[in-house]
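The values are calculated or read from the model by the stated rules, or taken from the named source; none is laboratory data. Please read all numbers here as calculations on a predicted model, not as lab measurements. Positions of Cβ are backbone-derived with ideal geometry, glycine not excepted, and every protein chain shown enters the neighbour counts. Ligands, DNA and RNA are stripped out before the accessible areas are found, and what is left, the full protein with its side chains, is counted by its heavy atoms. Shrake-Rupley method; radii C 1.70, N 1.55, O 1.52, S 1.80 Å.
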Amino acid sequence: MQKRIAVIGGGIIGATAAFYLGYLDQTQSLSVTLFDDDLGQATKAASGIISPWLSKRRNKRWYTLAKEGAAFYRKLVTDANLGTNVYQQTGTIVTRKDPNDLDSLFQEAEIKLRHTPAMRSVALLSSQDVGKRLPFLTNPPAGILVEGGAKIDGLHFVEALLDQAQKRHVEISRQRVFFDESGKLRTSKGLESFDKIIIATGAWMKGTLKPLNYLVKVRPQKGQLIDLTIKSKHYGSHLPVLMPESSSDIIPFEHDKLVVGATHENDGGFDLKPTSEARNRLLTNAKAFDQHLQMDQIDRVRVGTRAYTDDFAPFFGHLPDNPNILLGGGLGSSGLTTGPLIGYFLARAVVEDQLGVWDKYTKPISHYII
């Protein structure tokens with residue numbers, strides 16, 4: 001008899017978990033359903049960067065998770081047969097305003113490179129060097145090129161994973177579901193029981209677990225990005241990403257699309273309305289490097305809601321008194337890097353019916369859920 005598995009949430013953790021539940025379940029002993037209503041999902045609004053190695057963050061657990069998460073993409077791209085419209089390893093250019101800080105960061109990058117194969121190589125670039133790699137910029141900064149850095153389209157990522165999951169007999173149900181007090185799920189079919197449940201509802205996790213009398217220490221954060229069309233002979237595919245210090249990332253994509261962002265609006269809550277303030281700020285940040293950009297080149301403003309914890313670190317594991325309910329969240333702005341690996345770990349825990357030892361990646365779940 002098949003075990004019934006539910007995944008609640010179709011963002012980056014849930015989509016990856018659903019895919020790997022189907023991929024790893026070689027005996028088809030699981031019946032998997034993913035529930036998701038798409039509302040405000042951060043992943044689908046995101047275009048992001050996989051390049052955690054030179055981050056200013058000093059949380060060792062976060063860095064271990066992000067470092068292994070970046071390396072995990074090689075396996076994920078192969079397993080899920082992801083195309084270049086989803087993931088491109090084109091390199092990232094990280095900047096510092098102070099030349100001395102840039103030199104120090106380059107020394108740090110060289111040290112990390114020795115034991116981080118996923119970085120591939122690093123190079124210290126002058127502003128002229130950066131201009132050659134990003135020729136559409138009118139004011140390129142000096143920076144450090146990390147060849148192993150990559151860019152990802154969140155919407156295409158989720159769609160590709162869920163498409164692959166469905167091919168492996170995972171059911172996708174477009175609805176919001178709720179727990180009742182007994183731990184059953186209230187769905188359009190009524191109350192349903194599942195052997196194991198993976199919860200990946202992001203900023204909405206507090207509401208998801210409230211019927212079970214748990215308090216989840218996450219808060220919502222609004223993030224906005226702008227998509228621009230660049231018509232220039234200097235613009236093309238396979239361009240690296242620019243990660244300017246204390247400014248908005250500049251992410252070139254194919255088909256003349258340039259993405260700039262994202263904002264971090266702690267008072268935005270669950271509001272999904274784009275704002276002129278964010279649009280203007282993002283454009284101004286980008287114009288510092290490309291003075292030719294104009295407001296009429298903006299095609300759209302994308303809005304999503306991230307989940308943050310008090311210590312800005314992701315968490316995953318199982319409910320303190322229920323090993324059959326697993327969860328992962330609190331990804332913040334590093335979700336595209338850390339989320340897939342978390343989803344993979346949770347899927348393996350279900351398929352292998354054995355909880356992993358994850359303390360090198362995250363604090364105990366009781367630190368975030370009480």
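Observations on the structure shown:
- Looking across the stretch 280-299, just one residue is within 24 Å of Ser334 (Cβ to Cβ) and either open to solvent by 80 Å² or more (accessible area, probe 1.4 Å) or among the hydroxyl-bearing types (Ser, Thr, Tyr) (or both), and that is Arg281.
- Enumeration of residues in the stretch 337-370 that are modelled with pLDDT under 95 and either among the aromatic types (Phe, Trp, Tyr) or under 12 Å from Gly69 (Cβ atoms) (or both): none
- All conditions but one from (1) closer than 16 Å to Leu76 by Cα; (2) part of a helix (DSSP H, G or I); (3) of a type outside the set (D, E, K, R); (4) modelled with pLDDT of 95 or more apply to Gln166; the one that does not is (1).
- Residues that are closer than 14 Å to Val7 by Cβ and either assigned to a strand (DSSP E or B) or touching a helix residue (DSSP H, G or I) at 6+ places or on another chain (Cβ under 8 Å) (or both), drawn from the stretch 184-203: Leu185, Thr187, Glu192, Lys196, Ile197, Ile198, Ile199, Ala200, Thr201, Gly202
- Condition met for Thr78 (outside any loop (DSSP other than H, G, I, E, B), within 12 Å of Leu336 (Cα to Cα) and among the polar types (S, T, N, Q)): no
- Top-ranked residue in the stretch 102-120 [being touching a strand residue (DSSP E or B) at 6+ places or on another chain (Cβ under 8 Å) and not aromatic (Phe, Trp, Tyr); ranked as surrounded by the most Cβ atoms within 10 Å (Cβ to Cβ)]: Met119
- When restricted to residues that are outside any loop (DSSP other than H, G, I, E, B), farther than 17 Å from Leu161 by Cα and under 15 Å from the mean Cα position of the chain (by Cα), the stretch 48-69 contains 8.
- Unmet criterion (only one of (1) under 22 Å from the mean Cα position of the chain (by Cα); (2) farther than 30 Å from Ile230 by Cα; (3) loosely packed, with under 15 Cβ neighbours inside 10 Å) for Ser366: (1)
- Filtered by the rule that a residue be within 24 Å of the chain's Cα centre (by Cα) and open to solvent by 40 Å² or more (accessible area, probe 1.4 Å), the stretch 122-154 gives a lone residue, Glu147.
- Residues satisfying the stated conditions in the stretch 55-101, i.e. touching a Pro at 6+ places or on another chain (Cβ under 9 Å), of a type outside the set (S, T, N, Q) and open to solvent by less than 30 Å² (accessible area, probe 1.4 Å): Trp62, Leu65, Ala66, Gly69, Ala70, Phe72, Tyr73, Leu76, Gly91, Ile93, Val94
- Qualifying residue in the stretch 176-183 (condition: open to solvent by less than 40 Å² (accessible area, probe 1.4 Å), outside any loop (DSSP other than H, G, I, E, B), under 21 Å from Pro314 (Cβ atoms) and not acidic (Asp, Glu)): no
- Checking each residue in the stretch 194-219 for being touching a Lys or Arg at 6+ places or on another chain (Cβ under 7 Å) and open to solvent by 30 Å² or more (accessible area, probe 1.4 Å) picks out Phe194, Asp195.
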